[in-house]
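J.: First the structure, which I've put down as structure tokens, then a few questions once you've had a look.
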Amino acid sequence: MTDSASSGAAHTRRYEDVLVVTIDHPPVNALSAAVRRDLSAAIQAAQTDTQVRAILLLGAGRNFIAGADIREFGKPPQQPVLPEVCNQIEASAKPVIAALHGAALGGGLEIALAAHYRVALANAKLGLPEVNLGLLPGAGGTQRAPRLMGAEAALDLMLSGKHLSAQAALKAGLVDTLATEDDALDAGLAYTRQLLAVNAGPRRTRDATAALADKQASLAAVEAAAERVAATAKGLYSPARIVEAVRAAIEQPFEEGLRSERALFLQCLDSPQRAALVHAFFAERETAKIPELKEARSRRLESVGVIGGGTMGAGIAVSVLDAGLPVVMVEQDAAALARGRARVEQVYDLLVKKGRIPADERAARLARLTGATTYDALGEADLIIEAVFEDMAVKQAVFAQLDRVAKPGAVLATNTSYLDVNQIAAATRGPADVLGLHFFSPANIMKLLEVVVGSDTAPDTVATGFELARRLRKIPVRAGVCDGFIGNRILAVHRQAADMMMEDGASPYDIDAAVRAFGYPMGPYQMADLAGGDIGWATRKRRAATRDPALRYVQIPDRLCERGWFGQKTGRGFYLYPDGARQGTPDPEVLAIIDEERRRTGVAPRAFTQDDILRRYLAAMINEAANVLHQGIALRPSDVDVVFLSGYGFPRHRGGPMHYADSVGLDHVLADIRGYAKEDPAFWKPSPLLVQLAESGRGFGSLNAA
Ligand code: 3H9
């Protein structure tokens, strides 16, 4: 090592004849304008420095480079742009080596592909995940990756957005060698010295020909990808453009291919889908920024108790076991406990069958599960999650028992999806220890976890809920206490809007089709059939006594439930499921029941276009979300977006209901609601927050920034 120079976001240091350029821009070395400037200057200076024979690129901290700086998208571009920096690296007259560790993603991998040689550490993960942000790799990635790994593998990498391990990247031809060292500097210097020892010069990816030598096979891969995209990526903007960019890599000379890529990239960059997907990326990272975490840390969290071995309880147990924590499951009697354990085993059997986990891993996870039929077994648990029948008296009885057996400081959680967490906490002597942890079904798969904070919940109890989410790799969203918290409360309202449209003339099949056309995987009535109509029916009965008599109540769903038509599990609901079919077919008898209800209530059916349906459905959702925000049930609009994106199937490329509302314009949404209010002022009451924002020309996004 000789001299040392520092220039901010990327600093250089010479180790004899190797210039080490370290990108040092926490937290993830994203390629901000400052990084690009420093990097470009270092490469340029090295060209004329006679003491430098090779250039080694490294990332400081835990990653090589996580990609372009996502926060710069949508702002005026600053020079030098990333494609130019990549071209400059590739053009270097002295060999450039990239040593990859941690994330080498997006623009980070593109820098590495523009380098002449690549060494990866065992912990490196490589990928071109731009598609998840509505983009394509726009710094030469679509042209260079196919030249190294072939068109088919490159398309798979870019269309899936998946990460490759170092081993897989070596096999795919993306890196040249794997390091045995666990330090990027050591690994990079060792590899550079080997290269210099054999006088290895620049080796440019643009000139690599082997992987695309069979032009016909490469074009066939492009056609196959184009078909796949047309069939599966419906409504998405960037996947088809990724395919076109790879076609250009095959059909056009390198420089022209780069120009095609740039044009396609800029189209994606300008698209509303890019804005929505970037919003979703940051929104998911914002949810963990809550006031409680400023003042408190998680309590001890080494063991978990789960009360109830039903679908939810078993799913929660799997989720906790997957995270490496031991679980004690408590059920009423031995038979119920055996059923609960069998549910957990079934999940793991399926995972083994699908090859997702090896058999010994199944055994290891199940070995962490113990069962009991008395609450005393929960005495050592740090966190106990109740997942019993959704009934206040039942839940209160459980919490009274927990109050007796739980050790001091244990966190007591209810998995209720609607009930008042404060009332449940009142059954204990320590409401500070109680919170809601609302998992979504299937609990071991769904990413969302509503962390419900009661009026007496202690900050470290809340912090423990967030810590559990982190360990379970879930996305926690803080919610206040109200009927249904954030998600189910809003859902109840837009589902009511759908029911009213159904009585007024739209069929459930029309409504589902409109909601699917918007981008949801299924409509509200398919969803109801999947969840089981009895659950919503129980909630409606519970609410009957307190229902506002001024509000219209559509009885069609009750008519189906009275017949025992609870959806898929009973073979019929809004749809028919003959012979256990999972895909429902429209049911003429349901349409007849709807007609009958219209006659009974004196409604003359009218026509609804797909646009009418969507506008009402979304306006109801947005308006109630504004109420939820106004009342402080959700901390910020982007939290509501995350709830709907990760818990309710809201199409990610639309960014969530709040982001979508802003993109439509709140004045338009408010005008719609005021129009609907002329028919039904009791239901369509504009939220005060919506009025305030719309009338001051602001959007929900202005509250995120605050
Ligand atoms: C691209 O490269 C386009 C090019 O092809 C073409 C250009 C012309 N920029 O996730 P974490 C922040 S598109 C800015 O919690 P982890 C993040 O917001 C990009 N900021 O950590 C968070 O901030 P905060 C392609 C970024 O350890 C903090 O870093 N690349 C960026 O769980 C920590 O993040 C990608 O799509 C960024 N690129 O996971 C990769 N990345 O603390 C996106 C992160 O204020 N990133 N931040 O909340 C990731 O997948 C994960 O962040 C990563 C680390 C795996 C790297």
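The values are calculated or read from the model by the stated rules, or taken from the named source; none is laboratory data. Nothing here was measured: the structure is a model prediction, and the numbers come from that model. Cβ: placed from backbone, ideal geometry, glycine included. Neighbour counts: every protein chain shown. Only protein heavy atoms, including side chains, enter the accessible area calculation; ligands, DNA and RNA are left aside. Shrake-Rupley method; radii C 1.70, N 1.55, O 1.52, S 1.80 Å.
J.: Where does helix 487-504 land angle-wise versus the long Cα axis of the chain, in degrees 0 to 90, nearest 10?
T.: 60
J.: Give me the net charge of Gly309's neighbourhood, meaning all other residues with Cβ under 13 Å from the Cβ of Gly309; Lys, Arg count +1, Asp, Glu -1. Walk me through the numbers on the way to the answer.
T.: Numbers: positive: Arg339, Arg341, Arg343; negative: Glu331, Asp333, Glu345, Glu386.
Neighbourhood net charge equals -1.
J.: Can you flag which of Lys234/Lys289; Lys94/Lys125; Lys162/Lys474 are past 22 Å Cα-Cα? Before the final figure, lay out the partial values.
T.: Values: Lys234/Lys289 34 Å; Lys94/Lys125 27 Å; Lys162/Lys474 19 Å.
Cα-Cα > 22 Å for Lys234/Lys289; Lys94/Lys125; rest within.
J.: On to the next question. With a ≥ b ≥ c taken as the square roots of the eigenvalues of the C-alpha gyration tensor of the stretch 568-641, please select rounded if a/c is under 1.5 and otherwise prolate if a/b is larger than b/c or oblate if it is not? Working shown, then result.
T.: On the way: a/c = 2.73, a/b = 1.58, b/c = 1.73.
Oblate, because a/c is 1.5 or more while a/b does not exceed b/c.
J.: FRET efficiency for Lys162 and Ala531, Cβ-Cβ distance as r, R0 = 25 Å, nearest 0.05?
T.: Values: r = 30 Å, r/R0 = 1.21.
About 0.25, to the nearest 0.05.
J.: How large is the accessible surface of Glu244 in square angstrom, using a 1.4 angstrom probe and rounding to the nearest 10?
T.: Accessible surface of Glu244 is approximately 80 Å².
J.: Sort Met527, Met446, Met158 from largest to smallest accessible area, using a 1.4 Å probe on the heavy atoms of the protein chains. Write out the running numbers ahead of the final one.
T.: On the way: Met527 85, Met446 45, Met158 0 Å².
My answer, sorted largest first, is Met527, Met446, Met158.
J.: Please get the size of the charge dipole for the stretch 1-80, origin at its Cα centre, with Cβ charges of +1 on Lys and Arg and -1 on Asp and Glu, quoted in debye to the nearest 20. Could the numbers behind the result be given before it?
T.: Details: 8 positive and 8 negative charges, 49 e Å.
Computed about the Cα centre, the dipole is about 240 debye.
J.: Would you mind calculating the gained length between Val352 and Lys447 on full extension (0.36 nm times residue separation, minus the Cα-Cα distance), in nm to one decimal? Mind dumping the intermediate values first?
T.: Values: separation 95, 0.36 × 95 = 34.20 nm, distance 2.14 nm.
Full extension of this stretch gives 32.1 nm more.
J.: Separate question: Would you please classify the overall shape of the stretch 342-456 from the alpha carbon gyration tensor, given that a ≥ b ≥ c denote the square roots of the eigenvalues, rounded means a/c under 1.5, and beyond that prolate means a/b larger than b/c while oblate covers the rest?
T.: Values: a/c = 2.48, a/b = 1.74, b/c = 1.43.
Cα axes put the stretch 342-456 in the prolate bin.
J.: Right, something else. Set the Förster distance to 35 Å, then compute FRET efficiency between Gln692 and Gln267 from the Cβ-Cβ distance, nearest 0.05. Display every interim value, and only then the final one.
T.: Details: r = 36 Å, r/R0 = 1.03.
E between Gln692 and Gln267, to the nearest 0.05, is 0.45.
J.: Right, here's the next one. Count the net charge of all other residues whose Cβ sits under 10 Å from the Cβ of Ala492, scoring Lys and Arg as +1 and Asp and Glu as -1.
T.: +2
J.: Given labels modelled 7 Å from the Cα in the Cβ direction, how far is it in nm from Val664 to Arg547?
T.: Here the modelled spin labels are 2.6 nm apart.
J.: Going 7 Å from the Cα of Ala393 along its beta-carbon direction, which residues of the stretch 424-453 have the amide nitrogen within less than 12 Å of the resulting point?
T.: none
J.: What length, rounded to one decimal in nm, is gained on full extension from Arg404 through to Ala538, with 0.36 nm per residue of separation minus their alpha-carbon distance? Spell out each step's value before the answer.
T.: Values: separation 134, 0.36 × 134 = 48.24 nm, distance 3.00 nm.
Result: 45.2 nm gained on full extension.
J.: Something else about it: Mind giving me the nanometre distance, one decimal, between the label points for Ala197 and Ala364, set 7 Å out from Cα along Cα→Cβ?
T.: With each label point 7 Å from Cα toward Cβ, the separation is 3.7 nm.
J.: A further question on this structure: What does the extension gain come out to for Ala513 and Ala334, with contour length at 0.36 nm per residue minus their alpha carbon separation?
T.: On the way: separation 179, 0.36 × 179 = 64.44 nm, distance 4.52 nm.
Stretched out fully, the Ala513 to Ala334 stretch lengthens by 59.9 nm.
J.: About its Cα centre, how strong a charge dipole does the stretch 409-512 have in debye, to the nearest 20, once Lys and Arg get +1 and Asp and Glu get -1 at the Cβ? Working shown, then result.
T.: Numbers: 9 positive and 12 negative charges, 133 e Å.
Here the stretch 409-512 has a charge dipole of around 640 debye.
J.: So how far apart, in nm, are the two label points at Asp186 and Arg228 if each is 7 Å from Cα heading toward Cβ?
T.: 3.9
J.: Sticking with this structure for a sec: Straight-line reach from Lys353: which aspartates and glutamates fall under 14 Å, measuring Cα to Cα and dropping same-chain residues less than 8 apart?
T.: List returned: Glu345, Glu361.
J.: How would Arg206, Arg572, Arg563, Arg71 rank on accessible area, largest to smallest, probe 1.4 Å? Before the final figure, lay out each step's value.
T.: On the way: Arg206 80, Arg572 50, Arg563 120, Arg71 140 Å².
Listed by decreasing accessible area, they come as Arg71, Arg563, Arg206, Arg572.
J.: Below 8 Å between Cα atoms, with a sequence gap of 6+, how large is the relative contact order for the chain in percent? Don't skip to the answer; put the middle values down first.
T.: Numbers: 1352 pairs, mean separation 61.0, N = 706.
Once normalised by length, the contact order is 9 percent.
J.: While we're on this one: Under 13 Å between alpha carbons, and skipping anything fewer than 8 positions from Lys395 in its own chain: which aspartates and glutamates qualify?
T.: Straight-line reach from Lys395, under 13 Å: Glu386, Asp403, Asp420.
J.: What figure in square angstrom, to the nearest 10, would you give for the accessible area of Asp182 with a 1.4 Å probe?
T.: 140
J.: Oh, and also: How tilted is helix 533-544 with respect to the longest principal axis of the chain? Cα atoms for both, answer in degrees (0 to 90, nearest 10).
T.: Between helix and principal axis, roughly 60 degrees.
J.: From largest accessible area down, sort Glu72, Glu292; use a 1.4 Å probe on the protein chains. Let's see the in-between values first.
T.: Numbers: Glu72 50, Glu292 20 Å².
Result, largest first: Glu72, Glu292.
J.: Applying a 10 Å radius around every beta-carbon, put 656-666, 325-335 in order of their mean neighbour count, most first. Don't skip to the end; give the middle numbers.
T.: Working: 656-666: 22.9, 325-335: 18.2.
Those peptides, ordered most packed to least, come out 656-666, 325-335.
J.: Name the long-range amide H neighbours of Val452: under 5 Å, sequence gap of 5 or more, or other chain; modelled H, no Pro or chain starts.
T.: For Val452, whose amide H was placed from the backbone, the distant partners under 5 Å are Gly436, Leu437, His438, Ala479.
J.: For the chain, rounded, prolate or oblate, judged on the Cα gyration tensor with a ≥ b ≥ c (square roots of eigenvalues), a/c < 1.5 rounded, else prolate if a/b > b/c?
T.: Working: a/c = 2.02, a/b = 1.57, b/c = 1.28.
Cα axes put the chain in the prolate bin.
J.: Separate question: Where Lys and Arg each count +1 and Asp and Glu each count -1, what net charge lies around Asp460 among other residues with Cβ under 14 Å from its Cβ?
T.: Details: positive: Lys294, Arg297, Arg299, Arg300; negative: Glu292, Glu295, Asp382, Asp433, Asp456, Glu467.
Neighbour charge sum, excluding Asp460 itself: -2.
J.: Return the sequence-ordered ³J(HN,Hα) values of the stretch 515-528 in whole Hz as given by the Karplus equation 6.51 cos²θ - 1.76 cosθ + 1.60 applied to θ = phi - 60°, using x for Gly and Pro.
T.: 5, 5, 4, 6, x, 5, x, 8, x, x, 7, 5, 4, 4
J.: Kindly report, to the nearest 10 Å², the accessible surface of Asp183 as traced by a 1.4 Å probe over protein heavy atoms only.
T.: Near enough 70 Å² of accessible area.
J.: If packing is taken as the average number of other Cβ atoms within 10 Å across a peptide's residues, how do 608-614, 411-417 rank, most packed first? List each step's numbers first, then the result.
T.: Details: 608-614: 16.0, 411-417: 26.3.
Final packing ranking: 411-417, 608-614.
J.: Would you mind checking the tilt of helix 334-353 against the longest principal axis of the Cα atoms of the chain, expressed as 0 to 90 degrees and rounded to 10?
T.: With both axes taken from Cα atoms, the answer is about 30 degrees.
J.: If you don't mind, there's one more thing I want to ask. Ranked highest first by the average count of other Cβ atoms within 10 Å around their residues, in what order do 458-466, 208-216, 490-498 fall?
T.: Packing proxy ranking, top to bottom: 458-466, 490-498, 208-216.
J.: Under the Karplus relation 6.51 cos²θ - 1.76 cosθ + 1.60, θ = phi - 60°, what is the ordered set of whole-Hz ³J(HN,Hα) values for the stretch 635-648, x standing for Gly and Pro?
T.: 6, 8, x, 5, 5, 5, 4, 4, 4, 6, 6, 9, x, 10
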